[in-house]
Amino acid sequence: MLRSGCKTLVRRGALASSLAVGEGAATRARTTTTCGWSSTLRRDNLTTSTTTTTRGIQTTFALPDPAIELDGQPSHSSRQLTKIVATIGPTSEQAEPMLQVTKAGMRIMRLNFSHATPEEVELRTKNLDAAQKALQPKGAKVPQNVRAILLDTKGPEIRTGKLQNDHSGHETVTLVEGSTVTLHTSAAMRDGGSTATDLFVDYPSLHKALEPGRKVLLDDGAIVLTVQSIDSSNGTVMTKVENTGDLRSRAGVNLPLADTSDLPAMSEKDKNDIKYGMTMDIDFVAASFVQNAAGVREIRQHIQQCAKELGWTESDETPLPAIISKIETASALQHFDEILAESDGIMVARGDLGVEIPLTQVTNAQKEMVAACNAVGKPVIVATQMLESMAKNPRPTRAEVADVTNAVYDGADCVMTSGETAKGKFPTDTIRTMNEIILAAERYQFSGTAVGAPSTTSGGMAYVGDKSADSALAKAAVAATKERGCTAILVLTHHGTLPPLVAAYRPSVPIYAFCPTAKMARRLQVYRGIYPLIGQHEDAVSAVQEATAMDLLHSGEEVVVVSMDDTPLGRTASMHIAIIP
């Protein structure tokens with residue numbers, strides 16, 4: 001059951017702006033008048049302008065080609081606010097590809113522990129560290145340009161058992177359309193092995209979760225079974241095969257719309273992986289197949305227990321890994337509000353979700369989840385098949401471009417790549433392309449003319465903060481930025497709580513957050529618009545000077561600087577508006 005009640009604010013207006021794209025050196029002009037509308041088209045080496053008048057409405061497009069701008073030194077206007085999480089794998093884990101992917105715009109490296117070995121994890125973290133060091137901004141007093149690491153757990157998946165006589169691990173059996181297959185959960189069937197007529201499924205509550213007419217999907221939906229009858233006395237489920245297909249050992253099982261909330265929050269592998277990841281200084285745990293809030297609490301308790309065993313002490317400056325709950329089951333959707341309340345962030349995991357619920361509802365679920373996260377100021381990652389075709393091709397499909405664009409319009413903090421960058425042919429091109437799509441979408445979104453694209457400036461924000469001084473300061477900073485046309489917001493933080501609040505009000509400019517530790521800085525990478533910097537500043541002047549030295553601010557620009565400090569008067573909020581000399 002999908003959440004309801006989220007409202008989307010849409011700013012509508014006449015489409016008005018100017019367009020600049022690289023079209024070659026030739027200059028051409030053309031004026032056309034047909035059936036009451038006219039357009040003037042001019043092309044030169046960088047610009048193309050089109051003006052159309054229809055029934056008294058004039059529209060002018062201003063769509064600069066991000067690929068041209070990103071070739072040079074980034075300015076505020078070319079700093080994307082929506083972040084990129086990139087899965088690193090065999091084609092991107094070596095030193096040079098890692099450097100290029102990081103340079104192209106990866107902010108968070110995803111390690112998929114369904115496949116990664118300890119040796120691969122250590123190689124990838126070592127090469128990410130080397131890439132960060134190679135990309136330091138000029139004028140930096142301490143190492144900057146931090147990148148975060150996300151550990152994605154395998155999760156408590158439901159799978160079939162091993163096939164009889166599958167000694168190689170590559171054998172298959174053919175399930176024939178119209179035939180009957182009985183699903184078992186007994187130890188005897190597990191030990192004896194599965195056949196084309198009898199399959200072991202490693203979920204003891206299988207017979208309780210299903211009912212006649214429900215579907216059982218095998219191997220990501222490659223084979224569909226329909227439940228015919230259930231024998232509760234021995235826990236068996238009689239099914240009919242809907243389509244012919246070959247089934248391997250230990251194939252994944254999905255139970256669309258079934259209540260599987262009794263699944264454990266973590267497998268033993270997950271527990272071991274999380275503890276190992278903490279020794280590798282990971283920043284986020286993406287919890288797979290979360291079912292409810294109790295599961296999130298269990299994972300957090302495990303992280304805290306691991307910290308004790310490792311001798312760690314949690315503090316604002318050295319936070320424990322944040323939990324990003326992956327929403328990929330019908331049960332998780334049914335318990336979404338409570339999961340969101342317990343989690344540090346959400347991942348819209350559209351792969352398994354598209355098997356668990358009707359495909360036609362995945363986009364609707366995405367929009368509701370993103371809106372809900374925006375409303376409470378928690379980060380949300382949209383994932384799966386965003387630029388899937390770029391695993392094999394150097395250019396994405398138009399539909400993929402639209403997918404990334406709409407995730408930006410929805411209000412996603414991050415968009416994610418999977419196989420495109422882990423095992424695809426063009427990992428660097430994928431990240432560069434995704435950055436270009438993000439920049440184009442954000443430019444259009446904040447132009448004030450995006451018909452149908454919700455504006456996320458302070459005038460149309462979804463976030464409703466509390467009445468705290470921190471929230472009031474964050475809201476005022478974003479409002480002042482819009483009113484004054486400032487190019488950036490600088491946040492001086494001691495505890496790491498103020499920058500996310502500023503980001504929650506969705507400013508249209510970058511947020512440069514000065515943090516006391518690298519760990520705190522990395523934790524802020526998941527928030528839209530925040531560019532974390534390592535350094536402690538007690539006053540606005542020194543912060544502006546350091547940001548200017550790193551070429552983040554430029555002469556003549558106007559910026560907002562905010563901080564929340566502990567003083568003899570208590571916690572004191574301060575905001576400055578500065579013009580860079």
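Look through region 355-400, keep the residues that are among the β-branched types (Val, Ile, Thr) and open to solvent by less than 30 Å² (accessible area, probe 1.4 Å), and return whichever of them is farthest from Thr421 (Cα to Cα).
Of everything passing the filter in region 355-400, Ile357 is farthest from Thr421 (Cα to Cα).
For region 397-453, how many residues meet the condition of being under 14 Å from the mean Cα position of the chain (by Cα) and not aromatic (Phe, Trp, Tyr)?
The qualifying residues number 19.
Could you look through region 467-500, keep only residues that are in a loop (DSSP other than H, G, I, E, B) and touching a residue at least 24 places away in the same chain (Cβ under 8 Å), and pick out the one that is surrounded by the fewest Cβ atoms within 10 Å (Cβ to Cβ)?
Gly485
Among the numbered criteria (1) surrounded by fewer than 24 Cβ atoms within 10 Å (Cβ to Cβ); (2) closer than 20 Å to Pro379 by Cα, which single criterion is violated by Ala503?
Ala503 satisfies every listed condition except (1).
What's the number of the condition Gly155 fails, among (1) on the phi > 0 side of the Ramachandran plot; (2) of a type outside the set (A, V, I, L, M); (3) surrounded by 19 or more Cβ atoms within 10 Å (Cβ to Cβ); (4) at pLDDT 95 or above?
For Gly155, the exception is condition (4).
Mind listing whichever residues of region 508-532 are assigned to a loop (DSSP other than H, G, I, E, B), hydrophobic (A, V, I, L, M, F, W, C) and open to solvent by less than 10 Å² (accessible area, probe 1.4 Å)?
none
The values are calculated or read from the model by the stated rules, or taken from the named source; none is laboratory data. What you see is a predicted model; the values in this text were computed from it and never measured. Heads up, the Cβs are rebuilt from the backbone with ideal geometry, glycines too, and the neighbour counts pull from every protein chain shown. Heads up: the accessible areas ignore ligands, DNA and RNA and are worked out on the full protein's heavy atoms, side chains in. Shrake-Rupley method; radii C 1.70, N 1.55, O 1.52, S 1.80 Å.
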